[in-house]
């Protein structure tokens, strides 16, 4: 009796498609699990988002020149973005302002204030303020900066 795929979806037969002459099940042509690279996702975010900085705590040694923490944020549409960093007393110590298209963005901070001076160890708050034609949002997160001597 000939093999009819529609009638026998899981056949066992003596001659498989790899010509091994072994009995076995026919393997599907396509994998049953979809594999995708999360870093290569091209879908636009559905909402504004501000992620926790990484690494947190952010540790700097006294002679470090290339250490940084990374802050990521998502915009569902193009927006004027301002990210402000505040110390524990509420004083603004660093500001970034930029126009960004819709998507996920990131930037690095090296532990210095607006004048380029190193900030002391402590708790800081960073706030994303984004304004687009359709909406405006303000989101805040906390970070910990630790300096090693």
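Just to be sure before I move on: is residue 52 modelled with pLDDT of 95 or more, assigned to a loop (DSSP other than H, G, I, E, B) and in contact with a strand residue (DSSP E or B) (Cβ under 8 Å, 6 or more places away or on another chain) in the structure I sent?
Yes; evaluated as a whole, the condition is true for this residue.
Restricting attention to region 107-125, which residues are surrounded by 12 or more Cβ atoms within 10 Å (Cβ to Cβ) and within 27 Å of residue 42 (Cα to Cα)?
Result: 107, 109.
Using the structure shown, decide if residue 129 is in contact with a strand residue (DSSP E or B) (Cβ under 7 Å, 6 or more places away or on another chain) and under 23 Å from residue 146 (Cβ atoms).
In short, no.
So how many residues does region 127-139 have that are in a strand (DSSP E or B) and more than 17 Å from residue 54 (Cβ to Cβ)?
7
The values are calculated or read from the model by the stated rules, or taken from the named source; none is laboratory data. All of these numbers come straight from a predicted model, not from anything done at the bench. Cβ coordinates were reconstructed from backbone atoms using ideal geometry, including for glycine residues, and neighbour counts include every protein chain displayed.
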